[in-house]
Each structure stands twice: as C-alpha cells, then as structure tokens.
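Peer 1: Structure in structure tokens, see below.
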Amino acid sequence: KKKKPKLLNKFDKTIKAELDAAEKLRKKGKVEEALRAFEALVNQYPQSPRARYGKAQSEDDLAEKMRSNEMLQQAINTYDEVVSLPNVPSDLIKLSLKREADRQQFLGRMRGSLVTLQKLVQLFPSETSFKNDLGVGYLLIGDNSNAKKVYEEVLRLAPNDGFAKVHYGFILKAENKIAESIPYLQEGLESGDPGTDDGRFYFHLGDALQRMGDKEAYKWYELGYQRGHFASVWQRSLYNVKGLKAQPWWTARETGYTELVKSLEKNWKLIRDEGLAVMDKKRSLFLPEDENLREKGDWSQFTLWQQGRKNENACKSVPKTCALLERFPEATGCRRGQIKYSIMHPGTHVWPHTGPTNCRLRMHLGLVIPKEGCRIRCAQENR
C-alpha cells in the first residue's frame with residue numbers, strides 16, 4: 001500500500017480540526033467557501049504550510065470552475081509560497097512543487113515549469129520519478145540533449161525504469177539512431193510502468209521496426225490499436241475525431257470538395273508552369289523534406305500555406321496559383337495542413353508514415369509524372 005503523505009508539521013497538528021473543516025468544504029465541491037475558510041486560516045496562521053496548501057488547492061479548483069487563467073496563476077503563486085515557509089513536511093513540498101509544475105505546463109509556461117522541476121530534483125535527488133518529470137520538461141521545450149542526460153542518469157540509478165526507457169528510446173529515434181532506439185522503446189512498453197502506455201511510443205517503436213525491415217512492426221501497431229491509441233492499424237494518427245469515415249482512397253465526390261478538385265484539375269498546367277519556374281531558378285526555393293521520412297533519394301518541398309497561414313514571400317513567386325487557392329478557405333485555412341509543391345527525384349523512396357490527425361484529407365495533384373515506375377501506396381493499395 002502507498003503510504004499516506006504526511007502533510008502536517010507540529011504546529012499544524014494543533015489546528016488540525018480547523019484545517020479539516022476547511023478541507024471538508026473543498027472535498028464537497030464548495031469551492032468558494034473552502035477558499036474563504038483557507039484564506040482566513042492563512043491570515044490567522046501565516047506560518048501554516050497546510051493552510052497555505054489548502055488555499056492553493058482551492059484557488060486551483062476555482063480556476064477550473066471559472067476557467068480563469070488569472071486565478072490559476074494565483075494558485076501557482078500560492079503553491080510556490082508553501083515551499084518557502086519554515087518547517088514544511090517533505091511530502092507537502094513534493095505535492096506543492098509537482099502541482100505547481102503541472103499547472104505551469106497547462107498554462108504553457110514551460111520554462112517556469114522547468115525551473116520548478118529542477119528545484120524538485122535538487123531537493124530530492126534520489127527520487128527518480130522527479131528526474132523523469134524533469135526529462136519531460138526538457139522535451140516540452142525541445143531540449144532533447146538535456147532530456148537525454150536526465151534519462152541516462154535515471155537508467156544508471158534504476159536500469160529497469162520503464163518510463164525512462166520509453167523516453168530515452170524516443171530521443172534516440174529522434175536522433176535517427178533507429179536500431180539503438182528499439183530495445184528501449186520495446187522494454188519500456190513491456191514494463192507496463194505508469195506513463196508508458198502512450199500512442200507515441202507504440203507509433204515510434206513500430207516505425208523503427210518497419211525501417212529495420214522487421215515484420216514485428218505491425219504487432220506493435222495492432223497492440224497500439226487495441227489499447228485505443230490508433231483509429232486502426234493503418235490510421236496511426238494521434239489526434240483523432242471519433243466517428244469519421246476512414247478509407248485509403250477517396251473520390252472527389254466523396255470528399256465533398258468537388259469544386260476545389262475540379263478547379264485544381266482544370267488549372268493544372270498553370271500550377272505546373274509556375275512551379276517549374278520556381279524550381280528552375282538558380283537559387284531554388286524548394287527545401288529538403290525535414291521530417292526524416294525519406295529512406296533514400298531526394299525529396300524537396302515549396303510551401304505556400306502552413307497550418308492556415310499564408311507564406312506571402314512564396315506566393316509572390318507563384319501568384320496565379322495562390323490566387324486560385326484563395327478561393328478555397330477550407331484548404332488555405334486548414335490548421336492541421338499545408339499546401340505545397342513537392343518534388344521527388346528518381347529513385348526516391350519514402351518510409352510508410354501517417355499524418356497527425358484523421359480530420360484532414362490530403363490531396364495530391366500530379367504535375368510532372370513519368371509514365372511508369374512511380375507509385376504511391378495507402379494502406380495495402382498501390383496506385
């Protein structure tokens with residue numbers, strides 16, 4: 001059994017009845033009353049860590065009820081005050097700082113959260129769970145290098161820590177160390193440790209195995225699907241809207257965007273000629289694909305819209321194409337999509353991959369295509 005955290009110091013034990021009465025209000029969902037009760041206790045006993053923690057929790061609850069970021073910031077400040085008081089029990093410091101870091105992340109204050117997590121690790125250096133949280137903190141600001149150091153330290157102290165293993169494997173995979181990432185991702189998932197049952201790890205383990213030519217990949221995709229992380233073995237997007245139709249290929253009529261499709265097809269030569277003019281410039285505006293999706297070859301892209309935002313500079317080079325597209329805000333305004341020219345040179349092969357969400361359809365318009373040797377596969381169907 002987990003030990004019940006010790007939240008009261010010597011002084012707080014003398015006012016336990018008052019603290020319990022205020023906490024009872026909070027547990028019953030009487031948030032405003034609980035906050036008033038804890039505020040009164042803080043005013044009366046400013047050195048009471050438990051009263052201050054109760055105030056922070058009540059502010060936290062009220063922030064959720066009011067959907068108020070301002071109130072949530074107040075709660076974050078109060079959690080921080082708890083730790084600065086004298087004679088604070090260790091368990092209360094842990095709970096306060098953990099919740100403070102979590103709420104900072106919720107508000108998008110990633111660097112502030114990182115400082116809080118660093119404080120936790122400094123105060124409790126032997127607790128690997130805090131180091132694991134710190135690693136996540138680094139990943140959230142894109143600092144894979146420091147996250148990697150943290151997980152190496154955790155695995156030195158606790159070689160079987162599943163949470164550290166999946167995250168370490170995830171970082172190795174991002175570094176393109178495909179073969180090295182597999183045992184960490186696999187052993188981490190097999191551990192069943194809290195925090196390991198996440199679609200991203202099933203996704204990256206399957207992808208790594210696939211790139212190594214290992215048929216086991218689909219076993220992990222299937223498992224990810226069974227665990228409810230994927231819409232299907234083939235549709236491994238992680239941000240999904242339930243109930244949407246899923247199929248590998250769609251006709252123009254099925255999409256509901258026949259006017260868009262017809263307009264693009266009718267003007268394909270205009271689109272092609274503007275694209276070729278950009279491609280032929282001495283200083284090409286096409287940039288290499290940067291998501292590590294190529295097994296071999298050369299794949300470059302020239303982006304006109306990204307996540308619903310127009311690239312004004314790019315559109316100056318292909319003005320007629322952009323003018324045509326602006327008639328279709330359902331495409332230009334798609335927050336999870338892009339509109340781009342894409343070039344693959346002969347011999348290019350792209351790893352099987354999945355888009356980020358099921359609420360987007362990707363349309364391809366062929367502009368310069370060899371008569372044979374080119375194909376694209378979706379699920380098990382080649383075209």
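Peer 1: Which of the cysteines found in the chain have nothing to pair with, since no other Cys Cβ lies under 4.7 Å from theirs?
Peer 2: By the Cβ distance rule, which asks for a partner under 4.7 Å, the isolated cysteines are CYS334, CYS359, CYS374, CYS378.
Peer 1: What ³J(HN,Hα) values, in whole Hz, does the Karplus curve 6.51 cos²θ - 1.76 cosθ + 1.60 give for the range 335-342 when θ = phi - 60°, with x put for Gly and Pro?
Peer 2: Values per residue, Gly and Pro as x: 6, 10, x, 9, 10, 7, 7, 9 Hz.
Peer 1: Now for a separate question. Considering only protein heavy atoms, what is the solvent-accessible area of MET71 at a probe of 1.4 Å, reported in Å² to the nearest 10?
Peer 2: 40
Peer 1: Under 8 Å for C-alpha pairs, at least 6 residues apart: give me the relative contact order for the chain, rounded to a whole percent. All intermediate terms of the calculation are to be shown ahead of the outcome.
Peer 2: Numbers: 484 pairs, mean separation 31.7, N = 383.
Contact order relative to length: 8 percent.
Peer 1: Name the long-range amide H neighbours of CYS359: under 5 Å, sequence gap of 5 or more, or other chain; modelled H, no Pro or chain starts.
Peer 2: HN-HN under 5 Å from CYS359: VAL241.
Peer 1: Sticking with this one: Starting at 0 and stepping by 20 Å, how many percent of the alpha carbon pairs of the chain end up in each bin?
Peer 2: Percent of Cα pairs in each bin: 21, 43, 28, 7, 0.
Peer 1: Taking amide H atoms as placed 1.01 Å from N in the peptide plane, list the residues 5 or more away in sequence, or in a different chain, whose amide H sits under 5 Å from that of LEU304.
Peer 2: Here the answer is ILE339, LYS340, TYR341, since their amide H atoms fall under 5 Å of that of LEU304.
Peer 1: Quickly work out the THR14-to-GLU259 label distance, labels modelled 7 Å from Cα along the C-beta direction, and quote it in nm with one decimal.
Peer 2: Output for this residue pair reads 7.7 nm.
Peer 1: Between the range 165-229 and the range 1-66, how many Å separate their Cα centres?
Peer 2: 42
Peer 1: Give me the mean projected area, in nm² to one decimal, of the convex hull enclosing the Cα positions of the range 70-181.
Peer 2: It is 7.2 nm².
Peer 1: On to the next question. Keeping every protein chain in place, order VAL154, VAL241, VAL88 by accessible area at 1.4 Å, biggest value first, i.e. largest first.
Peer 2: Per-residue accessible area, sorted high to low, gives VAL241, VAL88, VAL154.
Peer 1: Compute the Cα gyration tensor for the range 283-356, then decide on rounded, prolate or oblate, letting a ≥ b ≥ c be the square roots of its eigenvalues: rounded whenever a/c is under 1.5, prolate when a/b is larger than b/c in the other cases, and oblate in all that remain.
Peer 2: Because a/c hits 1.5 or more and a/b fails to exceed b/c, the range 283-356 counts as oblate.
Peer 1: Once label points are set 7 Å from the Cα along Cα→Cβ at both ASN313 and ARG272, what is their separation, rounded to one decimal in nm?
Peer 2: Placing both labels 7 Å beyond Cα along the Cβ direction yields 2.9 nm.
Peer 1: Which value in nm describes the separation of the simple spin-label points at LEU140 and LYS30, placed 7 Å from the Cα toward the beta carbon?
Peer 2: In this crude spin-label approximation the distance works out to 3.4 nm.
Peer 1: Once you keep just the Cα pairs under 8 angstrom separated by 6 or more residues, what percentage relative contact order results for the range 8-74?
Peer 2: For the range 8-74, the relative contact order is 28 percent.
Peer 1: Going by the alpha-carbon gyration tensor, a ≥ b ≥ c the square roots of its eigenvalues, is the range 189-304 rounded (a/c under 1.5) or, if a/c is not under 1.5, prolate (a/b greater than b/c) versus oblate?
Peer 2: Because a/c hits 1.5 or more and a/b fails to exceed b/c, the range 189-304 counts as oblate.
Peer 1: Take the solvent-accessible surface of the protein heavy atoms, probe 1.4 Å, and return the percent of it on the chain that carbon and sulfur atoms account for. Write out the running numbers ahead of the final one.
Peer 2: Values: 11410 of 22730 Å².
Its accessible area is 50 percent carbon and sulfur atoms.
Peer 1: In addition: Tell me whether the range 140-238 comes out rounded, prolate or oblate; compute the Cα gyration tensor, take square roots of the eigenvalues as a ≥ b ≥ c, and use a/c under 1.5 as the rounded threshold.
Peer 2: The shape class here is prolate.
Peer 1: Still on this model: In square angstrom, what is the accessible area per residue of the range 254-342 with a 1.4 angstrom probe?
Peer 2: 64
Peer 1: Next up: Per residue, how much accessible area does the range 42-143 have with a 1.4 Å probe, in Å²? Mind dumping the intermediate values first?
Peer 2: Details: 4780 Å² over 102 residues.
On a per-residue basis, the range 42-143 sits at 47 Å².
The values are calculated or read from the model by the stated rules, or taken from the named source; none is laboratory data. In this text the structure is predicted, and so the values were computed from the model without any measurement. Glycine gets a Cβ as well: all are built from the backbone with ideal geometry, and neighbour counts include every protein chain shown. These accessible areas exclude ligands, DNA and RNA; they are computed on the full protein's heavy atoms, side chains included. Shrake-Rupley method; radii C 1.70, N 1.55, O 1.52, S 1.80 Å.
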